[in-house]
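First comes the structure, then the notes that go with it.
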Amino acid sequence: MGISVHGAKFLLYARAAGVDFSDMAMIGRQGLYVTPAEMRQVFAAGGDALNDTEIADICDGSDGYAETFFARLGARRADSFDYSNFESATVTHDMNEPIPARHHGQYSCVLDSGSLEHIFNFPCAIKNCMEIVKIGGHFISITPANNFFGHGFYQFSPELYFTVLSAENGFEMQTMMAFEETKDAVWYDVRSPQEACERVTLLNARPVYLCMIARRLAAKPIFERTPQQSDYLARWNPGPPLPPSIATGPVRRPLPIRLAKRVLPAGVRQSIREAFARPPPPVAKPGFDPKFFRRIGPGPGRPEAAED
């Protein structure tokens with residue numbers, strides 16, 4: 001778990017988007033894996049030209065951890081929560097268990113950058129993260145999505161976070177982006193399954209991260225209702241019932257079908273059923289399908305010319 005050059009770009013984007021880092025918490029004490037040259041480029045792209053001393057202070061000031069980086073983003077406090085104190089976390093707590101109420105609503109920003117996938121009780125862990133955010137504060141996540149098989153307990157889909165960080169739980173998703181873990185990463189805005197009216201899928205060959213920013217709007221009971229996947233909700237609740245004149249009474253099959261059922265062997269009838277059966281669902285196209293992913297350029301907040 002830690003901050004890579006891509007993670008640093010996203011966190012500077014978050015600052016520019018209005019995230020308040022003044023009282024922040026990390027899930028796990030975050031390492032800093034950005035070279036001085038990369039750090040200079042990241043801040044320069046955000047309009048913040050740093051001199052050599054300032055770069056050295058950020059990269060070397062916390063013994064390989066990220067507190068000095070967060071201080072540059074405006075953090076007066078940068079607490080860390082971890083299962084043990086092996087990395088000198090500020091708070092020792094097992095995120096598989098509910099977090100004590102004294103921590104609720106204490107942080108303007110809570111960051112998960114590669115920790116929640118390692119916590120078995122994910123519903124409890126994400127609820128803990130949400131509960132310690134102040135009203136008006138933000139939860140930020142940089143989390144594995146595709147091709148992290150075996151890295152942790154889980155790799156996550158967009159729908160999980162769109163569903164969890166929702167108005168029902170007192171949150172609003174403000175930004176979700178995805179990128180492949182490559183040197184010259186291309187970034188994409190991610191569409192929600194509710195907006196797309198279908199599952200947001202991705203088939204690719206490289207590791208993919210999801211990056212998101214969600215704002216806490218209200219102190220609502222979190223997971224008062226168990227989250228359900230949106231397409232199943234649509235099937236379970238297809239709309240208002242039909243009028244009684246249409247909905248009641250047995251449906252009489254057409255005469256040819258009734259005759260065929262009487263005279264044709266069972267095997268022939270089965271073959272006919274299979275021939276006219278509903279086709280299987282379409283296979284997802286490889287790569288970032290424009291139906292679900294809008295290409296925005298070489299970094300978050302850095303749009304490029306639209307492609308044909």
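Between a first residue in the range 83-97 that is in contact (Cβ under 8 Å) with a residue 60 or more places away in the chain and under 12 Å from Met26 (Cα atoms) and a second residue that is basic (Lys, Arg) and part of a loop (DSSP other than H, G, I, E, B), which pairs have beta carbons less than 7 Å apart while being 6 or more apart in sequence or on different chains?
Between residues of the range 83-97 that are in contact (Cβ under 8 Å) with a residue 60 or more places away in the chain and under 12 Å from Met26 (Cα atoms) and residues that are basic (Lys, Arg) and part of a loop (DSSP other than H, G, I, E, B), the close pairs are Ala89/Arg29.
Quick one: what pairs do we get from the range 287-305, first residue modelled with pLDDT of 85 or more, second β-branched (Val, Ile, Thr), C-beta under 7 Å, 6+ apart or different chains?
Cβ pairs passing all conditions: Phe292/Val190; Phe292/Val200; Phe293/Val190; Arg295/Val186; Pro298/Val186.
Go through the range 14-68 and count every residue that is in contact with a helix residue (DSSP H, G or I) (Cβ under 7 Å, 6 or more places away or on another chain), in a helix (DSSP H, G or I) and within 30 Å of Met95 (Cα to Cα).
3
For the range 199-223, which positions are touching a residue at least 60 places away in the same chain (Cβ under 8 Å), surrounded by fewer than 21 Cβ atoms within 10 Å (Cβ to Cβ) and touching a helix residue (DSSP H, G or I) at 6+ places or on another chain (Cβ under 8 Å)?
Within the range 199-223, Leu217, Ile222, Phe223 meet the criteria.
Keeping to the range 91-107, report how many residues are surrounded by fewer than 21 Cβ atoms within 10 Å (Cβ to Cβ) and either touching a Leu at 6+ places or on another chain (Cβ under 8 Å) or within 24 Å of Met212 (Cβ to Cβ) (or both).
Looking only at the range 91-107, we keep the residues that are surrounded by fewer than 21 Cβ atoms within 10 Å (Cβ to Cβ), and these are 91-94, 96-106.
Okay, now just the ones that are also either touching a Leu at 6+ places or on another chain (Cβ under 8 Å) or within 24 Å of Met212 (Cβ to Cβ) (or both), so 91, 93, 96, 98-99, 103-106.
So the count comes out to 9.
For the range 188-202: of the residues being assigned to a loop (DSSP other than H, G, I, E, B) and aliphatic (A, V, I, L, M), which is nearest to Ile213 (Cα to Cα)? Quick ask: steps written out before the conclusion?
Residues of the range 188-202 that are assigned to a loop (DSSP other than H, G, I, E, B), as a first pass: 191-192, 197-202.
Of the ones still in play, those that are also aliphatic (A, V, I, L, M) are 200, 202.
On the way: Val200: 18, Leu202: 21 Å.
Checked the range 188-202; the qualifying residue nearest to Ile213 (Cα to Cα) is Val200.
Restricting to the range 176-185, count the residues that are at pLDDT 95 or above and either surrounded by fewer than 18 Cβ atoms within 10 Å (Cβ to Cβ) or assigned to a loop (DSSP other than H, G, I, E, B) (or both).
Number satisfying all stated conditions: 0.
If I go through the range 73-82 residue by residue, how many of them are more than 20 Å from Arg102 (Cβ to Cβ) and surrounded by fewer than 19 Cβ atoms within 10 Å (Cβ to Cβ)?
Number of matching residues: 1.
The values are calculated or read from the model by the stated rules, or taken from the named source; none is laboratory data. Just so it is clear, the structure is predicted and the values come from calculations on it, not from any experiment. All Cβ positions, glycine included, derive from the backbone under ideal geometry; neighbour counts span all protein chains shown.
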